[in-house]
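Please read the structure below before turning to the comments.
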Amino acid sequence: MSKKLILIVLSAFLGLNLGAQNKLLTVEDAVLKSRTTLAPERLSQLQWIPQSNLFSYVGKRQGNEVLITQNAVGLKRDTILTIEEFSFAFRNLETKSKGMGRFPFISWINPSSFRFMYSNAYYLFNLSNKSVKVLAIAPKDAENLDFDPASNRLAYTQYNNFFVNDDPNSNPRPANSDNGQIVNKFDEITKDGNPNISYGKAAHRNEFGITKGTFFSPNGNRIAFYKLMESMVSDYPLMNVKLNDTLGDKLSQPTLFENIKYPMAGNRSHQAKVMLYDFKKKRLLEVQTTGDEEQYYTNISWSPDEEYVYIAVVNRDQNEMKLQQFDATTGAFIRTLFTETHAKYVEPEKSMYFIGKDASKFIWFSERDGYNHMYLYNNKGEMLKQLTTGKMTVLDILATDPKGTQLFYQAVSENGLNKYVYKLDLKSGVSTVLNKLEGQHNGMVSEDGQFILEQLSSTSIPKRYLLLDQKGKEIAILFNSINPLREYKECTVKLFSIPSTDKQVALNCRMIYPPNFDSTKKYPVIVYVYGGPHAQMITNNWLGQADMWLYYMAQQGYITFTLDNRGSMNRGLEFENATFRNLGKVEVEDQLAGVSYLTKQKYVDTKRLGVYGWSFGGFMTTSLMTKTPDVYKVGVAGGAVIDWRMYEIMYTERYMDMPQTNPEGYHNADLTNFAKDLKGKLLLIHGTNDNVVLWQHTLTYLKKCVDEGVMVDYFVYPGHEHNVLGPDRVHLMKKITLYFKENL
């Protein structure tokens, strides 16, 4: 090929490439495609198959889904099932089903069979003859389903009572048989459920790591579950603004109200108990806990032999935790293994981890030395040794090998930006990071502990899947995702840190610059803020973990900026609890350190700073707009906490104590006290059915603005809860976008 022709071809290619990169995102793209076509491609449902060195994932062939297996030894790959074959087998069982166009989430039992859930029923798929069998079916209105793979038992709640299929071998028929009625034999374990008493539901408003209300024993012979008593908690009515089918497109007349139980800070809290049910003896027991009726029962664990139940009991002040042991046969208290206290708060979030079937030792997570680490105890409560140390936050345990000598876990680096997979030798206590490349690593360990599937992402790597041996040696790159935004105008994403105003800590920041950034020009800045506990906005992940809307706004000519202030997670206990009893003080100071950095950049238009956040971020946005009224020109606060006295007990009292014991802290955090100082344009947004941050917060603030003669903007989303989801989210983000464009 001649040099001239090469130049022509190269010029044509570059022209096509540049043209392809001239596209701009739309709000619809940023909202509706951020987790689909504009997200990095992934190996869907990647997982290990027990009793083998095989792993599986869902791929595509000619546009249709297929189930693929691959062997870690030799990397041989096979397509073992098509969606057409799966759907045909399912239709043969569920004769009224239209089949499926996608695989439901599957869980492997062995190389020849897997389980899946569909429409409140659990099924078994047999690969050898491509058939489907029903394992358990719950009623259509059942909630809080919990399936135990060891026993094939299914537990659920219905009308606040607790049910379980006591005989998992009762040959259930398809859900659409008998006119859709359930034909499994389910025992109604409790019968006194009512609006004030419920069973089998998550307690304590999902704090302390609680995500569910039922806990099967290791072999499925027993089950523990919560009993929640709420008669002492005031009813709180939520306006149920929903379309009424009988009225066509009209709203129900008059509007309906639904009561929920909402325990506000400083008031009466609900009371909980832990119940035990023995399937063989058909016996229901109450665990014999003692102490304050309003204490919290968290991190429920079973011993491997099913003889004991362990509960982390936290007092209402949340400054003391007792790990207690109970007899699973009688419910009787046996001993307190140990007690943890802290001047500010304790927050156990991980259940005991027993290595294999050894009931004599367990691992416990604690922040007692300033960072979340693992400690090895015996079952008498004596600490044997601390397993991990250093300025890193251990997140969770992935697995142990069959011999119980090697433990795999994930931890976050000191600066909070990177997450790694480690292997711990339990005898020597030596931890080894398996892959040192900076970024966010997530690992899955094979059953024999010989191989690790690792997913990696960073600001430069959209998503990469690796196969490693147990020493961390790379065996293969299984999949490398390409940039999903390659056809769009590119915005530079920068991660960096700045010192806090008091120079005590480094604060992580993320900046997204507009395309073709020109440092000689002046740009408006939108600050996206959250700032509260149990959240981290910035990591070394794709786009720096930024929401796609922030990238869209950068394409629209704004610099978008985010700072993780003290109070956010994965930076150690002192970093998080620096806000104790004074929410909105240190956080605002740290956000102003970010503003100080911005004002020193010649390309920042300091007269055009905007701020936006939701929930705690809404609290922060309103705080910044009123406590520092000359800094930000425009703010958008969604689902904002305005007065912490109106927020739930479990969360608020951990970080603020009670209003009765910390009146000054609550007063300083009550944003109605600063409404009179608002100077910029502020838009408040709330969902009418918000059961987390009650609509009352925004309405209270609006009333104060009216009383003070302060102009403020307001928009409400009827029928939405704490966030605006579904198709209406496009409307929400268009509303926010337009507000910044019109005012910033």
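FYI, it's all coordinate maths here, none of it is from the lab. Here the structure is a predicted model, which is why all the values come from computation and not from measurement. FYI the Cβ positions are ideal-geometry reconstructions off the backbone, even for glycines, and counts take in every protein chain you see.
Among Thr626, Gly639, Gly610, whose Cα projects farthest towards the positive end of the dipole of region 601-651, with charges put on the beta-carbon of Lys, Arg (+1) and Asp, Glu (-1)?
The residue sitting farthest along the positive end of the dipole is Gly610.
Can you grab the distance from the C-alpha centre of region 95-117 to the C-alpha centre of region 570-591, Å, no decimals?
That distance is 46 Å.
Shape call for region 267-367 from the C-alpha gyration tensor, a ≥ b ≥ c root eigenvalues: rounded (a/c under 1.5), prolate (a/b greater than b/c) or oblate?
oblate
If you put +1 on each Lys and Arg Cβ and -1 on each Asp and Glu Cβ, how big is the dipole of the chain around its Cα centre, in Debye rounded to 20?
With only Lys, Arg, Asp and Glu charged at Cβ, the dipole is about 2280 debye.
Convex hull over the Cα atoms of region 560-637, averaged projected area in nm²?
5.3
Give me the extension gain from Lys600 to Glu447: residue separation times 0.36 nm, minus the current Cα-Cα distance, reported in nm with one decimal.
Using 0.36 nm per residue and subtracting the Cα-Cα distance, I get 49.7 nm.
Can you order the peptides 194-204, 505-515 by their average number of other Cβ atoms within 10 Å per residue, highest first?
The peptides rank, most packed first, as 505-515, 194-204.
Taking the alpha-carbon set of region 41-137, what are its Rg and Dmax in Å?
So, for region 41-137, Rg and Dmax equal 13.2, 43 Å respectively.
Cα-Cα pairs above 17 Å in region 485-569: how many percent?
48
Give me the net charge of Ser234's neighbourhood, meaning all other residues with Cβ under 13 Å from the Cβ of Ser234; Lys, Arg count +1, Asp, Glu -1.
Within the 13 Å Cβ shell, the charges total -1.
Sorted by packing (mean other beta-carbon atoms within 10 Å per residue), highest first, where do 695-702, 108-115, 559-566 land?
Put in order of decreasing packing, that is 559-566, 695-702, 108-115.
Using just the C-alpha positions of region 416-520 as equal point scatterers, what log10 of I(q)/I(0) does the Debye formula give at each q in 0.14, 0.21, 0.24 1/Å?
Treating every Cα as an identical point scatterer, log10 I(q)/I(0) equals -0.75, -1.10, -1.25.
What does the convex hull of the alpha-carbon atoms of region 493-743 project to on average, in nm²?
13.1
From the Cα trace of the chain, what convex hull volume per residue do you get, rounded to a whole Å³?
Hull volume normalised by residue count: 199 Å³.
Any idea what Rg and Dmax come out to for region 190-329 if you just take the C-alpha atoms, in Å?
18.5, 58
So in region 437-580, what percent of DSSP beta bridges are antiparallel if you round to the nearest 5?
Bridges in region 437-580 that DSSP calls antiparallel: roughly 90 percent.
Take every Cα-Cα distance within region 638-699, group them into 10 Å bins from 0 onward, and report for each bin the whole-number percent of pairs it holds.
21, 48, 29, 3
How much of the DSSP beta bridge set in region 493-743 is antiparallel, as a percent to the nearest 5?
Bridges in region 493-743 that DSSP calls antiparallel: roughly 30 percent.
Please find the FRET efficiency linking Ser360 to Leu32, where r is the Cβ-Cβ separation and R0 is fixed at 41 Å, and quote it to the nearest 0.05.
For R0 = 41 Å, the calculated efficiency reads 0.20.
In region 41-137, what percentage of the DSSP-assigned beta bridges are antiparallel, given to the nearest 5?
The antiparallel proportion sits near 100 percent.
Once every DSSP H run of n ≥ 4 in the chain is given -39500 (n - 2.57) and the sum is divided by its residues, what mean residue ellipticity at 222 nm do you get, rounded to the nearest 500 deg cm²/dmol?
Computed mean residue ellipticity for the chain: -4500 deg cm²/dmol.
Report the paramagnetic label zone for Ile482: residues of region 50-72 whose backbone N is under 18 Å from a point 7 Å from Cα along the Cα-to-Cβ axis.
60-63
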